[in-house]
């Protein structure tokens, strides 16, 4: 199961209802903060997530509305002793800007926190306890823009009833079989893993795209995802402006979801020009299984192929000028 919580869902500048880009992705005991716009630390507190075990930040790119919150977050981490180390993953240009920001925050030795800057490369960047995180290239304004895929390992469930029938005792023999190794029982019989393991169950897949200027090169990376998170800054009525500033319209994002065969689409990075209902109205005819997310919305992707919302019913939205 992969869980994710949207902490900020506004484009470029905050609104009364939406903060700047940030989200938390969680698997088992691991937490990943994806982007860190201004005000993220307060949103983390409002969400009830807190700072415990938050030691990894993934930056989609280096624009200020996606990184400025790191200053306050790092200061709070150190003063509250929430952790001793923070790994920040980003493209070269993004990390250069973050270092400039940290030179201010860390100046004078008041903040004691080790920051590990990890420059992103294409491919696997993290793998642990059944979860793999991979990067893929995204075209936006400026160099070093990335998307992320969070994917669980496939596994074969252990058939306890069958093991019991075959006389496999609880303990190390069963652990060896789960690892794919045959075991010899006390009566001399050899039990093969295939005898006690069920069919392969694919792990869930979450694809995450930050700001993007085009979708043509993204399909191969997000294909078949259980959930796709992607920006929808503009509507088609302002497609020229979207192209000018390197962003997507809601219909472009929906078309990508349809063509890539994803199961559920989550639209974020919403302009203050539009209400969420307007964004949904443009995307839904193209890809019906769509959610225009709000701050503090939370979801779980389960192996049952179901994306479960942990958020309350959506309130009505007004256009904020």
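Could you identify which residue out of 179, 46, 272 has the top mean-square fluctuation in a GNM of the chain using Cα springs shorter than 10 Å?
179
What is the distance in Å between the Cα centroid of region 247-297 and that of region 79-145?
First find each Cα centre; the distance between them is then 28 Å.
Going by C-beta contacts inside 10 Å, put 9, 184 in order with the fewest on the left.
184, 9
Against the longest alpha carbon principal axis of the chain, how many degrees, from 0 to 90 and to the nearest 10, is the axis of helix 250-260 turned?
Value to nearest ten degrees: 20.
How do the peptides 285-292, 115-122, 20-27 rank, highest first, by the average count of neighbouring beta carbon atoms within 10 Å per residue? Walk me through the numbers before you get to the answer.
Working: 285-292: 18.0, 115-122: 14.5, 20-27: 24.5.
Answer by packing, highest mean first, reads 20-27, 285-292, 115-122.
Once the mean 1/r over all distinct Cα pairs of region 214-293 is inverted, what Kirkwood radius in angstroms do you read off? Don't jump to the answer; show the numbers that get you there.
On the way: mean 1/r = 0.0821 Å⁻¹.
The Cα-based Kirkwood calculation yields 12.2 Å.
Once the piece of chain linking residue 42 and residue 240 is laid out straight, how much longer is it, given 0.36 nm per residue of separation minus the C-alpha distance between them?
Fully extending the segment from residue 42 to residue 240 adds 67.8 nm.
Can you say what percent of the DSSP beta bridges in the chain, counting only those with both residues inside, are antiparallel? Round to 5.
Details: 38 of 63 bridges.
That works out to approximately 60 percent antiparallel.
Hey, what number do you get for the chain at 222 nm if only DSSP H runs of n ≥ 4 count, each worth -39500 (n - 2.57), divided across all residues, to the nearest 500? Each step should come with its number before you reach the end.
On the way: 9 runs with 78 residues, N = 321.
Result for the chain, helices only: -7000 deg cm²/dmol.
With a ≥ b ≥ c taken as the square roots of the eigenvalues of the C-alpha gyration tensor of region 261-304, please select rounded if a/c is under 1.5 and otherwise prolate if a/b is larger than b/c or oblate if it is not? Mind dumping the intermediate values first?
Values: a/c = 3.07, a/b = 1.37, b/c = 2.24.
Note, shape of region 261-304 comes out oblate.
With a/c under 1.5 counting as rounded, go ahead and sort region 1-157 into rounded, prolate or oblate using the C-alpha gyration tensor (a ≥ b ≥ c being the square roots of the eigenvalues; past the cut-off, prolate if a/b is larger than b/c, else oblate). Spell out each step's value before the answer.
Working: a/c = 1.36, a/b = 1.25, b/c = 1.08.
Rounded, since a/c falls under 1.5.
In region 180-285, what percentage of the DSSP-assigned beta bridges are antiparallel, given to the nearest 5? Could the numbers behind the result be given before it?
Details: 2 of 10 bridges.
In region 180-285, approximately 20 percent of DSSP beta bridges are antiparallel ones.
Decide, for region 42-133, between rounded, prolate and oblate: order the square roots of the alpha carbon gyration tensor eigenvalues as a ≥ b ≥ c, take rounded if a/c falls under 1.5, and otherwise choose prolate if a/b is larger than b/c, else oblate.
Details: a/c = 1.60, a/b = 1.17, b/c = 1.36.
Here region 42-133 falls in the oblate category.
May I ask for the distance between the Cα centers of region 149-173 and region 17-54, given as a whole number of Å?
Measuring centre to centre over Cα atoms gives 35 Å.
Got the relative contact order for the chain handy, in percent, Cα pairs under 8 Å and 6 or more residues apart?
About 16 percent, as a whole number.
For the Cα atoms of the chain, what angle does the longest principal axis make with the long axis of helix 92-105, in degrees from 0 to 90, nearest 10?
In the chain, helix 92-105 runs at an angle near 70 degrees to the longest axis.
GNM, the chain, Cα, under 10 Å: largest mean-square fluctuation among 217, 65, 187?
Looking only at 217, 65, 187, the biggest GNM fluctuation is shown by 187.
Only the coordinates and a few stated rules stand behind these numbers; no lab work does. Source: prediction; values computed, not measured. Backbone-built Cβ (ideal geometry, glycine too); neighbour counts: all protein chains shown.
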